[in-house]
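Engineer: My structure is below; once you've seen it, I'll send some questions.
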Amino acid sequence: MTEPLDRFPVLETKRILLRQIEKGDAQAIFEYLSDKEVMKHYGTEPFQTVDEAIRAISRYESLFMEKRGIRWGITLKGDNKVIGSCFFYDMVAEHYRTDIGFVLNKNYWGQGNAQEAVKAAINYGYEYLNINRIQAVIEPANVASQKLVERLGFLREGLLRSYEYFCGKFDDLYMFSLLKSDFNPEE
């Protein structure tokens, strides 16, 4: 990675701000991570308490401090409330790659917010972190997320059979990837 991750990177787009998630955001995080519809394809059970959100925020901080990932809170400009998150995880500097994920409060679905956030994160990864490959694993039933990454240029590479164990069963996931050479930040 070329830019040291000593300070949390704040990203700004036309409509949104991607910033560090703080303990004061726990209620907003709980609002969407406790929603069964939001969590349907997330790979974990919906949160039951705000304390779970507080513990999650601590994990986000550790992820960044250990330079294994970055989890941005998505906020609309002019409103500091976190409406979702976009994140790099499993960053592997020696292989120039990272996984990417995103989750959004359902009150903000269908407005382009997640796509705008993901695009900003991708651009940051390629421009400042010397990443060459960004990959996303998405459940076959999660058509909306598949379409989002495809609009950004990701290619579906294949099906990862029985890739995750969740709620007492093995789940298949599609693997999508976007290489730096294929990304056009202007599109």
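Engineer: Can you tell me how segment 1-77 classifies by the Cα gyration tensor, rounded, prolate or oblate, using a/c under 1.5 as the rounded cut?
Structural biologist: prolate
Engineer: Excluding the sites themselves, what is the longest stretch of the chain that contains no trypsin sites (Lys or Arg not before Pro) in a DSSP loop with at most 10 other C-beta atoms within 10 Å?
Structural biologist: Between exposed loop sites, the widest span is 15-187.
Engineer: Of the beta bridges DSSP finds with both residues in the chain, what % are antiparallel, to the nearest 5?
Structural biologist: Working: 34 of 37 bridges.
The antiparallel fraction comes to roughly 90 percent.
Engineer: When ligands, DNA and RNA are left out and all protein chains stay put, how many square angstrom of accessible area per residue does segment 62-187 have with a 1.4 Å probe?
Structural biologist: Per residue, segment 62-187 has an accessible area of 51 Å².
Engineer: Moving on to the next point. Mind running the shape call on segment 98-160? Use the C-alpha gyration tensor, a ≥ b ≥ c as the square roots of the eigenvalues: rounded below 1.5 for a/c, prolate if a/b tops b/c, oblate otherwise.
Structural biologist: Because a/c hits 1.5 or more and a/b fails to exceed b/c, segment 98-160 counts as oblate.
Engineer: Sticking with this structure for a sec: Using Cα centres only, tell me the gap between segment 1-80 and segment 142-167 in whole Å.
Structural biologist: 21 Å
Engineer: Do you know the relative contact order of segment 53-187, to the nearest whole percent, from alpha carbon pairs under 8 angstrom that are 6+ apart?
Structural biologist: 17 percent
Engineer: Also: Using only the alpha carbons of segment 38-134, what is the convex hull's orientation-averaged projected area in square nanometres?
Structural biologist: 7.0 nm²
Engineer: List the lysines whose Cα lies under 20 Å from the Cα of Lys180, skipping any in the same chain that are fewer than 8 positions away.
Structural biologist: In chain and number order, the partners are Lys119, Lys147.
Engineer: Stokes-Einstein at 4 °C, 1.567 mPa s, Kirkwood radius from Cα pairs: D for the chain in µm² s⁻¹?
Structural biologist: Result for D is 77 µm²/s.
Engineer: Which shape class applies to segment 80-187: rounded if a/c is under 1.5, otherwise prolate when a/b exceeds b/c and oblate if not, where a ≥ b ≥ c are the square roots of the Cα gyration tensor eigenvalues? List each step's numbers first, then the result.
Structural biologist: Details: a/c = 1.58, a/b = 1.11, b/c = 1.42.
The shape class here is oblate.
Engineer: Considering only protein heavy atoms and a probe of 1.4 Å, how much of the accessible area of segment 49-187 is carbon and sulfur, as a whole percent?
Structural biologist: Within segment 49-187, the accessible surface is 48 percent carbon and sulfur.
The values are calculated or read from the model by the stated rules, or taken from the named source; none is laboratory data. The structure presented is a predicted model; accordingly, all values stated were derived computationally and were not measured. Positions of Cβ are generated from backbone atoms using ideal geometry, with glycine treated the same way; all protein chains shown enter the neighbour counts. Ligands, DNA and RNA are stripped out before the accessible areas are found, and what is left, the full protein with its side chains, is counted by its heavy atoms. Shrake-Rupley method; radii C 1.70, N 1.55, O 1.52, S 1.80 Å.
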